[in-house]
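Here is the structure we will look at, set down as structure tokens.
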Amino acid sequence: MLRELREKVLEANLEVVRRGLVLYTFGNVSGIDRAENLVVIKPSGVPYERMSADDLVITDLEGRQVWGEMRPSSDLATHLHLYRSFSEIGGVVHTHSEFATAWAQARRAIPPLGTTHADYFHGPVPVTRELTAEEIEKDYVRATGVAIAECFGNRDPLEVPAALVADHGPFCWGRTPDEAVHNAVVLEAVARMASHTVSLAPERAGISQNLLDRHYFRKHGAAATYGQS
């Protein structure tokens with residue numbers, strides 16, 4: 001069932017390990033088949049080095065398990081809410097990568113301090129509001145997804161394919177699972193650069209809108225000039 005997607009999601013999960021974004025069984029990657037409205041996600045608590053495509057779990061968008069013998073990731077409800085809220089995304093990744101998580105724990109958005117940020121994120125990487133006591137007690141995992149979607153409003157989530165969950169860590173997404181992981185790798189690099197920049201120049205506010213637009217749109221959109229046609 002969804003063998004090709006399961007292989008892609010497995011490879012994306014292994015890539016977060018290779019890139020040093022997770023420890024032990026931390027983190028998870030999922031992918032969605034939009035035609036079937038089915039989601040493939042990492043099983044909960046399974047070591048990456050022992051994981052195979054047959055270990056992955058398939059659920060519908062309501063969280064009902066339709067394939068697989070293991071329990072899905074404990075972050076499943078957050079992934080599902082993002083898929084329901086952001087119709088153009090095809091993959092979601094959650095990590096506890098060091099620098100991005102530090103910004104999340106500080107409850108600070110990552111400002112666009114340079115062109116590396118602007119190449120991938122068309123504006124600050126937002127941080128969510130703090131969850132209420134009721135949200136934490138009643139439906140914590142889904143509420144995390146709700147808080148992420150809220151901080152985007154009507155903005156295109158693919159223009160800034162990441163968010164920092166206050167007190168928790170980063171979630172990233174993309175059109176595919178591997179693109180989501182790519183964005184998570186870049187987010188960690190950008191968070192590290194921002195941390196160093198702020199320590200050297202605490203007063204830095206960010207690059208100009210002109211420079212932000214110039215770098216973002218040379219890689220994205222109909223008029224993009226970066227790379228080969």
Quiz item: What full-extension length gain, to one decimal in nm, is calculated for His196 and His96 as 0.36 nm per residue of separation minus the Cα-Cα distance?
Solution: 34.1 nm
Quiz item: Roughly how many nanometres apart are two label points built 7 Å out from the Cα toward the Cβ at Arg108 and Glu36?
Solution: 4.4
Self-check item: Packing-based order for 82-94, 62-74, using average beta carbon neighbours within 10 Å, highest first
Solution: 82-94, 62-74
Self-check item: Straight-distance crosslink candidates among aspartates and glutamates, where the alpha carbon sits under 12 Å from Lys219 and sequence neighbours closer than 8 are dropped
Solution: Asp119, Glu159
Quiz item: Taking a spot 7 Å from the Cα of Glu4 along the direction of its beta carbon, which residues of segment 84-103 have an amide N less than 14 Å from it?
Solution: none
Quiz item: For the chain, what % of the accessible area comes from carbon and sulfur atoms, probe 1.4 Å?
Solution: 49
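Suppose R0 equals 30 Å; then what is the FRET efficiency for Arg175 and Glu203 from their Cβ-Cβ distance, rounded to the nearest 0.05?
Once the sixth-power term is evaluated, E becomes 0.20.
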Exercise. Would you please classify the overall shape of the chain from the alpha carbon gyration tensor, given that a ≥ b ≥ c denote the square roots of the eigenvalues, rounded means a/c under 1.5, and beyond that prolate means a/b larger than b/c while oblate covers the rest?
Key: prolate
Exercise. With a Förster radius of 22 Å, plug the Cβ-Cβ distance of Ala133 and Ser74 into 1/(1 + (r/R0)^6) and report the FRET value to the nearest 0.05.
Key: 0.65
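Give me the percent relative contact order of the chain, please, defined on Cα pairs under 8 angstrom at least 6 residues apart.
On the way: 435 pairs, mean separation 49.4, N = 229.
The value is 22 percent.
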Quiz item: In terms of modelled amide H atoms, which long-range or inter-chain residues lie less than 5 Å from the amide H of Val125?
Solution: Ile110
Exercise. Once you have a ≥ b ≥ c as the square roots of the Cα gyration tensor eigenvalues for segment 83-203, tell me rounded if a/c is under 1.5, and otherwise prolate or oblate according to whether a/b is larger than b/c.
Key: oblate
Exercise. Pull out a ≥ b ≥ c, the square roots of the eigenvalues of the alpha-carbon gyration tensor of segment 163-227, then state rounded if a/c is under 1.5, prolate if not and a/b is larger than b/c, and oblate in the remaining case.
Key: oblate
Practice problem: Please work out the C-alpha center-to-center distance from segment 1-57 to segment 144-219 and express it in whole Å. | Solution: 23
Practice problem: Please give the calculated 222 nm ellipticity per residue for the chain, where each DSSP H segment of at least 4 residues contributes -39500 (n - 2.57) and the sum is spread over every residue; nearest 500 deg cm²/dmol? | Solution: -13000 deg cm²/dmol
Quiz item: Say we join alpha carbon atoms closer than 10 Å with springs in a Gaussian network model of the chain; which of Leu131, Leu80, Leu56 then has the biggest fluctuation?
Solution: Leu131
Self-check item: Antiparallel %, DSSP beta bridges [both residues in segment 87-229], to 5
Solution: 90
Quiz item: Once you list every other residue whose beta carbon is under 15 Å from the beta carbon of Val16, what net charge do they have if Lys and Arg are +1 and Asp and Glu are -1?
Solution: -4
Quiz item: For the residue pair Glu88 and Leu23, what label-to-label distance in nm results when each label sits 7 Å from Cα along the Cα-to-beta-carbon direction?
Solution: 3.7
Exercise. Check cross-link reach from Lys8 to the lysines: straight Cα distance under 20 Å, and skip same-chain residues fewer than eight apart.
Key: Lys42
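The values are calculated or read from the model by the stated rules, or taken from the named source; none is laboratory data. Everything numeric here is computed off the predicted structure, so don't read it as measured data. Positions of Cβ are backbone-derived with ideal geometry, glycine not excepted, and every protein chain shown enters the neighbour counts. Each accessible area value is taken on the protein alone, full model and side chains, heavy atoms only, with ligands, DNA and RNA left out. Shrake-Rupley method; radii C 1.70, N 1.55, O 1.52, S 1.80 Å.
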